[in-house]
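S.K.: I have a structure here, written as structure tokens, and I will follow up with some questions on it.
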Amino acid sequence: MEGLIEALVKGWRGFKAVEVLPGRYVWERNLTLHLNGRFVMYLKVFRGYSYYRPWVEAFEIEDWFHTVEEERELYALIFEKSPPLSRIFVEYSSDPETERALRLGVPPELSRLGYTLLKVGYRNLRNWYYPEGLKEGGPKLQGEKLADRYPPRDPTEELRRFVRTANREYPEVERALKRVEEVLSLFGDTEPR
């Protein structure tokens, strides 16, 4: 995780950690992240300790960030610089496309944000909200960077069921359905729909 912090402190493709503060524990750092001089989000980077896996949490994300290519690039950098078995948690309350899709029953892998995380390598996506006494932030999508010896959870049956039962009257559902073939192929499913 030090490589991630170092890259963002130096500056990477317009991203810059303008502030790095200690977290709640010695293994945690809080970054204020800007893109081309404009605030983007906060990152909480946990390096891992003992049996606790490393993770990165992205929160208080500016809504405009969900519409730019740099979003995918940042998550790809986090994936690249994170060790196997680490996790990412991305708050999506400022992303109306993802939030509405998930509320309509779209599987995380087919939501706008989930699809972005899948494309950069994250697997085992989950939609989470942990109440922690007002410290939990908003709802998040979680993804895992797996090691070769740990195969990803296979969501193909859930995705097929969604295709059969999806309420196509909503544009978020229609956009999710356009991602099905590619997402299924990422899991080795090449059967025609």
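The values are calculated or read from the model by the stated rules, or taken from the named source; none is laboratory data. Just so it is clear, the model here is predicted, and its values are computed rather than measured. Backbone-built Cβ (ideal geometry, glycine too); neighbour counts: all protein chains shown.
S.K.: Since Leu77 meets every condition but one in (1) touching a helix residue (DSSP H, G or I) at 6+ places or on another chain (Cβ under 9 Å); (2) closer than 29 Å to Arg168 by Cα, which condition does it not meet?
M.R.: Looking at each condition in turn, Leu77 falls short on (2).
S.K.: Shifting gears a bit: Could you grab me the full set of residues in the stretch 157-181 that are in a helix (DSSP H, G or I), charged (D, E, K, R), free of Cβ contacts under 8 Å to residues at least 12 places away in the same chain and closer than 19 Å to Thr116 by Cβ?
M.R.: Hit for the stretch 157-181 is Glu174, nothing else.
S.K.: Moving on. If you take the residues of the stretch 12-24 that are out of contact with any strand residue (DSSP E or B) (no Cβ under 7 Å at 6 or more places or on another chain) and within 16 Å of Glu80 (Cβ to Cβ), which of them is surrounded by the most Cβ atoms within 10 Å (Cβ to Cβ)?
M.R.: Looking at the filtered set, the residue picked out is Trp12.
S.K.: Being over 20 Å from Glu174 (Cβ atoms), surrounded by fewer than 23 Cβ atoms within 10 Å (Cβ to Cβ) and without any contact (Cβ under 8 Å) to a residue 24 or more places away in the chain: is that true of Arg72 here?
M.R.: In short, no.
S.K.: Regarding Val45, is this residue buried (at least 18 other Cβ atoms within 10 Å of the Cβ), closer than 21 Å to Glu109 by Cβ and among the β-branched types (Val, Ile, Thr)? Even if it seems obvious, please write down each step before you answer.
M.R.: Values: buried (at least 18 other Cβ atoms within 10 Å of the Cβ): yes; closer than 21 Å to Glu109 by Cβ: no; among the β-branched types (Val, Ile, Thr): yes.
Against the criterion (buried (at least 18 other Cβ atoms within 10 Å of the Cβ), closer than 21 Å to Glu109 by Cβ and among the β-branched types (Val, Ile, Thr)), Val45 does not qualify.
S.K.: Additional query: Looking at the stretch 107-117, can you tell me whether even one residue there is at pLDDT 95 or above and closer than 11 Å to Lys145 by Cβ? Please lay out each step first, then the result.
M.R.: Pass one, the stretch 107-117, residues at pLDDT 95 or above: 107-117.
Okay, now just the ones that are also closer than 11 Å to Lys145 by Cβ, so 117.
Checked the stretch 107-117: at least one residue is at pLDDT 95 or above and closer than 11 Å to Lys145 by Cβ.
S.K.: Would you tally the residues in the stretch 29-69 being at pLDDT 95 or above, under 30 Å from Ala147 (Cβ atoms), part of a strand (DSSP E or B) and not charged (D, E, K, R)?
M.R.: Residues that pass the stated criteria total 13.
S.K.: Something else now. Checking Leu102 against (1) closer than 22 Å to Asp154 by Cβ; (2) touching a residue at least 60 places away in the same chain (Cβ under 8 Å); (3) crowded, with 18+ Cβ neighbours inside 10 Å, which test does it fail?
M.R.: (2)
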